[in-house]
Amino acid sequence: MRPLRLVPDDTRFRFMRWRKAAFAFTLLLTLVSLAALWGLGLNLGVDYAGGLLIEARATTPVDLGTLRGQLDALKLGDVTLQALGGDRDLLIRLQEQPGGPSGQEHAIAAVKSLLTPGFEIRRTEAIGPQVSHELLRDGLLAALLAVVLIGVYVWFRFEWQFGLAAVLTTFHDIIATFGLFAVFHLEFNLTILAALLTIAGYSINDTVVVFDRVRENLRHYKSMPMNELIDRSVNQTLRRTLLTSGTTLLAVAALLIFGGPVLRNFSLALVWGIAVGTYSSIFVASSLLLHLPPLRREGSLPADAQTNAVQAAAGQAPEAAASDQPVRVP
């Protein structure tokens with residue numbers, strides 16, 4: 001019985017033929033995302049905009065959907081309801097209320113009156129603007145450092161051209177995700193920051209797989225044109241890329257559909273990030289290598305010199321330098 005092949009083994013798509021169109025789309029997506037961030041801004045959640053936190057424990061299991069509807073009926077603005085490790089411990093987040101301290105106290109009193117009896121209020125906490133801005137700054141700094149350090153690792157592990165291409169590609173994926181949240185005015189909170197870091201790691205994983213095959217082919221195909229070599233490398237990793245992305249998207253799509261309001265934005269960020277990351281690994285990251293200084297083809301010169309010397313000693317004509325057949329590198 002033959003195994004199921006969703007993607008053929010011998011694909012020969014000419015991806016580099018479409019690199020100009022891919023670059024144009026990438027540039028458009030980046031500019032739209034940056035314009036949305038500049039013009040519309042992010043819809044910051046309680047974690048970053050300030051607000052109220054109320055932690056409570058119920059005496060019996062709670063229907064989160066019913067309780068969320070009751071909280072929305074209080075007309076206190078954006079309300080986030082989250083279960084803490086079970087169906088009795090809850091965390092309620094409210095946006096900062098107008099009216100200063102008295103407005104915050106009124107909101108807390110309204111929520112307490114709704115929860116009692118049947119709930120134990122374990123703590124209430126107000127997050128001020130200064131603390132929330134520090135959280136936002138530190139979170140964005142953490143994401144920036146993660147991307148830069150990923151690039152440094154790729155630079156050390158491969159060559160600087162690979163590292164620069166990996167950093168630019170990862171920045172593209174993150175900026176595109178920021179743009180999604182700005183355009184559709186989706187709430188941006190700590191959970192979405194975690195999704196961004198996940199997207200960065202997932203994207204760089206796909207990119208490194210392609211780069212590793214490019215580096216391997218550079219050693220074997222000494223005179224093959226670079227665009228053909230990159231096409232060969234992407235095709236050789238295409239099945240792995242598509243199957244990995246496809247199965248991950250299925251799992252995340254299940255969270256998006258069945259996870260409820262709490263996980264919706266997080267799942268949407270992952271779905272978008274995985275799709276954009278897969279596209280950028282195939283079309284953007286490798287294409288950038290064509291526009292950077294040429295990569296070293298390790299062992300090519302010694303191998304050519306040794307082959308020509310052996311053929312000259314045997315009275316044969318030297319091999320043509322344009323051969324693109326695989327050569328074993330010593």
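By the count of other C-beta atoms within 10 Å, a proxy for reagent exposure, HIS185, HIS172 are ordered fewest to most as HIS185, HIS172. Partner lysines whose Cα lies under 30 Å from the Cα of LYS75, excluding those fewer than 8 positions away in the same chain, are identified as LYS112.
Each residue, LEU290 and ARG12, gets one label point 7 Å from its Cα in the Cβ direction; the gap between the two is 1.8 nm. With the simple spin-label model, which puts each label point 7 Å out from Cα in the Cβ direction, the LEU263 to ALA194 separation comes to 1.2 nm.
Under a model in which nothing but the beta-carbon of Lys, Arg (+1) and Asp, Glu (-1) is charged, segment 51-127 shows a dipole of about 100 debye around its Cα centre. Put in order of Cβ neighbour count within 10 Å, fewest first, the listed residues VAL62, VAL234, VAL152, VAL271 become VAL152, VAL271, VAL62, VAL234. Cβ crowding within 10 Å, taken as a proxy for footprinting-reagent exposure, orders VAL79, VAL148 from fewest neighbours to most as VAL148, VAL79. Available extension along the chain between HIS185 and ALA58 is 42.4 nm, counting 0.36 nm per residue and deducting the alpha carbon span. Tell me, what is the percent relative contact order of segment 51-127, built from C-alpha pairs under 8 Å that lie six or more residues apart? Computed value for segment 51-127: 50 percent relative contact order. Label-to-label distance, VAL32 versus ARG137, with points set 7 angstrom from Cα along the beta-carbon direction: 3.3 nm.
When the alpha carbon gyration tensor of segment 51-127 is reduced to an equivalent ellipsoid, the three semi-axes, largest first, read 20, 12, 11 Å.
Each reported figure results from applying straightforward, stated rules to the coordinates on display, with no laboratory input. Note that this is a predicted model, so its numbers are computed, not measured. No Cβ is skipped: glycine too gets one built from the backbone with ideal geometry, and neighbour counts run over all protein chains shown.
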